[in-house]
Amino acid sequence: MRRNPARHRRPSPAATASGDPLVRALDALGEFTPLDTVAGPLSRAVRRLPLGPLRDVLHGRWLGHPLHPALVQVPVGAWMSAAVLDVVPGAERGARTLVGLGVLSALPAAWSGWVDWAEQHEAQQRTGVVHAGANVLAIGLFAGSWAARGRGRTGLGRALTRAGLTSASLGAMIGGHLAYRQSAGANKAEPVPHLLEPRWYGMGPLDEYPAGEPVRRMLGEVPLLVVRMTEDEAYVLGDRCSHDSGPLSEGEVRDGCVECPWDGSLFRLSDGWNVHGPATAPQPSFEAGFDGDGSLRVRLPRAD
Ligand code: FES
């Protein structure tokens, strides 16, 4: 899969971070380059796994947003419930069952996280590898808790459950930073319809658009991808990829789709649909119109 080296030279907001020490510490994870020795080989290994269509399932393309945050609710809920049962007399068996359920359900949750993480940029991957480390530790502690409870060592099992919850909470906090501060997994194309007026915009003469070639044009602050096919057929999408803002106008156009040059998401030109991930959201698609003087105009769908 092709990856754009320029993408990985982007300055991180952590370089100018200010605020609470906790936030600065979390920001610093994204700048901590020694983590690359783990993140680099691991992300390449995850991308090489022959997962086929399962990869898009794990990304959550069918759901319209990442699957990982939804799946993690099951182990977290099971483990929290086990901790509650630990203070209920006579509920040891139920607590052990919930600890075991949490460990089993953490496995698909972790896999969905790993495939998302492997397609993120370097700063996100550094934070993500610490997030994953805390959660792997938590899974190990809960597995130990389940085993200890099975051998009748209930006190040790409860202590390991509390330690697991502490580690899982740390992982959740780092995961929140990754999702909301570093915007991993968010739809980067979502703002486009909010930045434009609901009207037609002139896009200049058609002969500025070579047939079948991707062309980038600015509409105010919004970059667009224009692919003109004939004198009266053109496709217009938001140019910044919904996955991580990659420039679709630098991608390859084939079979009615455009491939993002950064991580290979495939978008249908006719309506922006994300045919293939890692993007979980489609591209904003524009309606194209043709004036009698041979020029192109565009507007958002249903913009009167
Ligand atoms: S930026 Fe990742 S697929 Fe486009």
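Count of the range 253-270 residues, restricted to those that are more than 19 Å from HIS121 (Cβ to Cβ) and either without any contact (Cβ under 8 Å) to a residue 12 or more places away in the chain or within 12 Å of the ligand (Cβ to nearest atom) (or both), is 5. Among the residues of the range 277-294, none qualifies, meaning not one is without any contact (Cβ under 8 Å) to a residue 40 or more places away in the chain, closer than 25 Å to LEU67 by Cα and outside any strand (DSSP E or B). Taking the range 35-63 as the range and being in contact (Cβ under 8 Å) with a residue 24 or more places away in the chain, part of a loop (DSSP other than H, G, I, E, B) and either in contact with a strand residue (DSSP E or B) (Cβ under 9 Å, 6 or more places away or on another chain) or of a type in the set (Phe, Trp, Tyr) (or both) as the test, only ARG61 passes.
Filtered by the rule that a residue be within 7 Å of the ligand (Cβ to nearest atom) and either in a strand (DSSP E or B) or in contact with a His (Cβ under 8 Å, 6 or more places away or on another chain) (or both), the range 233-248 gives a lone residue, ASP244. Here GLY176 meets the list (1) part of a loop (DSSP other than H, G, I, E, B); (2) under 26 Å from the mean Cα position of the chain (by Cα) almost entirely, failing just condition (1). Among the residues examined, VAL215 does not qualify as of a type in the set (Val, Ile, Thr) and either within 16 Å of the ligand (Cβ to nearest atom) or farther than 26 Å from GLN120 by Cα (or both).
Looking at this structure, is LEU224 closer than 25 Å to ASP56 by Cα, more than 10 Å from the ligand (Cβ to nearest atom) and touching a Gly at 6+ places or on another chain (Cβ under 7 Å)? The answer is no for LEU224. Tell me, yes or no, whether the range 132-148 has at least one residue that is within 30 Å of SER245 (Cα to Cα) and within 17 Å of the chain's Cα centre (by Cα). Yes, because at least one residue in the range 132-148 is within 30 Å of SER245 (Cα to Cα) and within 17 Å of the chain's Cα centre (by Cα).
Taking into account only those residues within the range 277-303 that are modelled with pLDDT under 95 and in contact with a Ser or Thr (Cβ under 8 Å, 6 or more places away or on another chain), which is nearest to the ligand (Cβ to nearest atom)? Checked the range 277-303; the qualifying residue nearest to the ligand (Cβ to nearest atom) is GLY277.
Only residues that are touching a Pro at 6+ places or on another chain (Cβ under 9 Å) and either of a type in the set (Phe, Trp, Tyr) or outside any loop (DSSP other than H, G, I, E, B) (or both) were counted in the range 182-200, giving 2. Which condition breaks for TRP273 when tested against (1) among the aromatic types (Phe, Trp, Tyr); (2) within 16 Å of the ligand (Cβ to nearest atom); (3) buried (at least 20 other Cβ atoms within 10 Å of the Cβ)? Going through the list (1) among the aromatic types (Phe, Trp, Tyr); (2) within 16 Å of the ligand (Cβ to nearest atom); (3) buried (at least 20 other Cβ atoms within 10 Å of the Cβ), TRP273 breaks only (3). Take VAL84 and decide whether it is surrounded by fewer than 18 Cβ atoms within 10 Å (Cβ to Cβ) and among the aliphatic types (A, V, I, L, M). Taking the combined requirement at face value, the residue satisfies it.
Can you find a residue in the range 98-115 that is over 27 Å from LEU35 (Cβ atoms), modelled with pLDDT of 95 or more, part of a helix (DSSP H, G or I) and of a type in the set (Phe, Trp, Tyr)? The answer is no; no qualifying residue exists. Would you mind telling me which numbered condition in (1) free of Cβ contacts under 8 Å to residues at least 40 places away in the same chain; (2) over 13 Å from the mean Cα position of the chain (by Cα); (3) surrounded by 14 or more Cβ atoms within 10 Å (Cβ to Cβ) HIS194 fails? Among (1) free of Cβ contacts under 8 Å to residues at least 40 places away in the same chain; (2) over 13 Å from the mean Cα position of the chain (by Cα); (3) surrounded by 14 or more Cβ atoms within 10 Å (Cβ to Cβ), the lone unmet condition for HIS194 is (3). Counting only residues that are more than 16 Å from the ligand (Cβ to nearest atom), basic (Lys, Arg) and without any contact (Cβ under 8 Å) to a residue 60 or more places away in the chain, the range 147-188 holds 3 of them. Looking at GLY185, is it crowded, with 17+ Cβ neighbours inside 10 Å and in contact with a helix residue (DSSP H, G or I) (Cβ under 9 Å, 6 or more places away or on another chain)? In short, yes.
The values are calculated or read from the model by the stated rules, or taken from the named source; none is laboratory data. Computed from a predicted model, the values in this text were never measured in an experiment. Note that each Cβ is placed from the backbone with ideal geometry, even for glycine, and that neighbours are counted across all protein chains shown.
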